Amino acid sequence: MAVSRTIEWQEHEHHHHHRSNDWFWIVGTIAIVGAILTTYFGNIILALLIVFAGFTALLHGHSKPKIIDFKITRRGVQAGDSMFPYSTLESFWVIDEAVDDRIILRSKKFMMPYIVLPFDSTKTDPDEIREYLLEYLDEEEMDEPVLQRVMENLGF
């Protein structure tokens, strides 16, 4: 039996971590020291890249996460303005934990092998999501990508 309705929810794009002034000082200091060291060793391009990355991290650390609209439809899975048709996806896994609910989609694309979508199981039923996605994709147990966990632990 094909599912015909759409599952929709809204969620923050990432968890917001309160950052103290010390966090900003540490990131800024690491960026400046890294840029100075790479300049000393003659790599100006890397120094500019480090300054740019540090500046970007500081801006990101200061901004509040946006609220994104998510949809699971007959065409695919949508996160904000990005649409992931089922033809570009291989499998999925729904993680229903007390604090951190998420859907992991395995993509066929080389540069974006995993897509992680947050949801709140108190507002959106994980069994309903699982049942809907089973109509189009295989269910495969998988863990969240290591890089994503590292970035979350660093406060991004």
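If eta is 0.692 mPa s and T is 37 °C, what Stokes-Einstein diffusion coefficient results for the stretch 70-109, Kirkwood Rh from Cα pairs, in µm²/s?
Rounded to a whole number, D works out at 300 µm²/s.
For the residue pair residue 71 and residue 13, what label-to-label distance in nm results when each label sits 7 Å from Cα along the Cα-to-beta-carbon direction?
In this crude spin-label approximation the distance works out to 1.9 nm.
What is the gain in length, in nm to one decimal, between residue 110 and residue 122 on full extension, counting 0.36 nm per residue of separation less the C-alpha to C-alpha distance?
Using 0.36 nm per residue and subtracting the Cα-Cα distance, I get 1.0 nm.
Explain nothing, just the number: relative contact order of the chain, from Cα pairs under 8 Å at least 6 residues apart, as a whole percent. Walk me through the numbers before you get to the answer.
Details: 204 pairs, mean separation 38.7, N = 156.
RCO, the chain: 25 percent.
Run through the stretch 1-80 and list the chymotrypsin sites (Phe, Trp or Tyr not before Pro) located in a DSSP loop whose Cβ has at most 14 other Cβ atoms within 10 Å.
41
Where the only charges are on Cβ atoms (+1 Lys, Arg; -1 Asp, Glu), what is the dipole of the chain about its Cα centre, to the nearest 20 debye?
Value, rounded to 20: 860 debye.
Given labels modelled 7 Å from the Cα in the Cβ direction, how far is it in nm from residue 56 to residue 40?
Between residue 56 and residue 40, the label points sit 2.6 nm apart.
Looking at (i) 1.28; (ii) 1.31; (iii) 1.08, which value of Rg/Rh (Cα atoms, Kirkwood Rh) comes from a calculation on the structure shown?
(iii)
Starting at the first residue of the stretch 70-84, write each ³J(HN,Hα) from the Karplus equation 6.51 cos²θ - 1.76 cosθ + 1.60 with θ = phi - 60°, in whole Hz, x for Gly and Pro.
10, 9, 10, 10, 5, 7, x, 10, 10, 10, x, 8, 8, 10, 10
With 13 Å as the cut-off, how large is the P(r) tail for the stretch 21-62, expressed as percent of Cα-Cα pairs?
The calculated P(r) of the stretch 21-62 puts 47 percent of pairs beyond 13 Å.
Of the options 104, 39, 25, report the single residue whose Cα projects farthest towards the positive end of the charge dipole of the stretch 21-156 (beta-carbon charges: Lys, Arg +1; Asp, Glu -1).
39
Rule-based calculations on the coordinates, nothing more; no lab input. All values reported here derive from a predicted model rather than from experimental measurement. Every residue, glycine among them, receives a Cβ derived from its backbone with ideal geometry; neighbour counts consider all protein chains shown.
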